[in-house]
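Novice: This is the structure, below, for whatever I ask next.
The values are calculated or read from the model by the stated rules, or taken from the named source; none is laboratory data. The structure displayed is predicted, hence computed values, not measured ones. Counting neighbours? That spans all protein chains shown, and the Cβs are built from the backbone with ideal geometry, glycine included. To get the accessible areas, we keep the full protein, side chains included, count just its heavy atoms, and leave off ligands, DNA and RNA. Shrake-Rupley method; radii C 1.70, N 1.55, O 1.52, S 1.80 Å.
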Amino acid sequence: MRFCSIASGSSGNCAYIGSEETNLIVDAGISGKRIEAGLCGLDVEAGRLDGILVTHEHLDHVKGLGVMTRRYHLPIYASRGTIEALIKTKDMANTPQELFHEVRADESFKIKDLLINPIRISHDAAEPVAYRFDEGEKAAAVVTDLGTYDQYILDRLKGVKALLVEANHDVRMVETGKYPYYLKQRILSEKGHLSNESAATLTLDLLDKGEFLRYLLLGHLSRENNLEELAYETVRMELKMLGKSSIPKDFRLSVAKRDVSSECFEY
């Protein structure tokens, strides 16, 4: 399995998941040109993609969706609520209906050799989902744009080896920042975004239960309310406090960047 963030941040998101038989991207929130360049860096031709999995309809997740779909006639996988929201937009209104494939939370489906499980998340969108990918005993997940997490989320991440998880903001930066009050409340609410601290506790909850997590990418960082170093250090320090005995020796923590592809994890 191959797992990589092509772009991640409040300005645009796109991740790549692949296997020997299958090539997929999760979200297309950057330009088609940037998506193609990111795929080229992975030696994957955009025309070889087997589909685009959409988490929800917000622009930072679908900006390049119309371009990629029209250019390569790619299947789109999304929840019913997300599909209905997409077809109301000018960019997607004329997309052929046969390209849309409805997915439902907790109903697994296969694309070639990858088993995909949509995960219900809490966010202020029509019907948002995260995605888990399994290839035999190998598993990865992309979990962003959730205002909170619970045991349901942790159960769906059981056995995941590579995880892209949201670390959107630092709470203190939001509280003291320039955003208007209503927007601060949205970000900090259970329908908003996961903070650095919450990303850390989610990771701790997984590792503390002896989960198989080895590669952790912190993603969807806010340009205004976070810093790469701050997100990284918040999680690193929490892991350090957990103790070495609970952290796998080959555990790797990194931050998914806004404009540069991450390392491609292969396992």
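Novice: Note down the net charge around N94, summing +1 for each Lys or Arg and -1 for each Asp or Glu among other residues with Cβ under 15 Å from its Cβ.
Specialist: After counting each charged neighbour, the total is +2.
Novice: Using just the C-alpha positions of region 1-131 as equal point scatterers, what log10 of I(q)/I(0) does the Debye formula give at each q in 0.09, 0.15 1/Å?
Specialist: Those come out to -0.21, -0.63, one per q.
Novice: Starting from the 7 Å offset along Cα-to-Cβ, what nm value, one decimal, do you get for the label separation of K90 and K249?
Specialist: 5.9 nm
Novice: Taking 0.36 nm per residue of sequence separation and subtracting the Cα-Cα distance, how much length would be gained by fully extending the chain between E233 and L99, in nm to one decimal?
Specialist: Here the answer is 44.0 nm.
Novice: Under a crude label model (7 Å from the Cα following the beta-carbon direction), how far is V260 from E190 in nanometres?
Specialist: 3.9 nm
Novice: May I ask for the Kirkwood hydrodynamic radius of the chain, worked out over all distinct Cα pairs and given in angstroms to one decimal?
Specialist: 18.4 Å
Novice: Cα centroids of region 25-69 and region 166-198: how far apart, whole angstrom?
Specialist: When both Cα centres are located, 27 Å separates them.
Novice: In addition: Averaged per residue, what accessible surface does region 37-157 expose to a 1.4 Å probe, in Å²?
Specialist: Spelled out: the 1.4 Å probe surface of region 37-157, per residue, equals 44 Å².
Novice: If we count every other residue with Cβ under 15 angstrom of A28's Cβ, Lys/Arg +1 and Asp/Glu -1, where does the sum land?
Specialist: Summing Lys and Arg as +1 and Asp and Glu as -1 gives -2.
Novice: Another question, then. Scan around I30 for amide H atoms under 5 Å from its own, H built in the peptide plane at 1.01 Å from N, and keep only partners 5 or more places away or cross-chain.
Specialist: The answer is N13, K63, G64.
Novice: While we're looking at this one, here's another question. Multiply the residue gap between Y72 and D124 by 0.36 nm, knock off their C-alpha separation, and tell me the result in nm, one decimal place.
Specialist: That pair, Y72 and D124, stretches by 15.7 nm at full extension.
Novice: Starting from region 105-145, pick out the trypsin sites (Lys or Arg not before Pro) whose DSSP state is loop and whose Cβ has at most 15 other Cβ atoms within 10 Å.
Specialist: K112
Novice: If you look at just the Cα atoms of region 81-195, how large are its Rg and its Dmax in Å?
Specialist: 16.5, 48
Novice: When the accessible area of the chain is split by element with a 1.4 Å probe, what percent falls to carbon and sulfur?
Specialist: Whole-percent figure for carbon plus sulfur exposure: 49.
Novice: Going toward the positive end of the dipole of region 125-267, with +1 on Lys and Arg Cβ and -1 on Asp and Glu Cβ, which of V160, V260, Y131 do you reach last?
Specialist: V260
Novice: In percent, what relative contact order does region 93-139 have, based on Cα pairs under 8 Å that are 6 or more apart in sequence?
Specialist: 27 percent
Novice: Here is a further query. Picking from I247, I17, I30, which is most flexible by a Gaussian network model of the chain using Cα springs under 10 Å?
Specialist: I247
Novice: Next question, about the same structure. Within the set of other residues whose C-beta is less than 11 Å from the C-beta of A7, count the net charge using Lys and Arg as +1 and Asp and Glu as -1.
Specialist: After counting each charged neighbour, the total is +1.
Novice: Related question: For a quick protection proxy, order the peptides 89-101, 52-64 by their average other-Cβ count within 10 Å, most packed first.
Specialist: 52-64, 89-101
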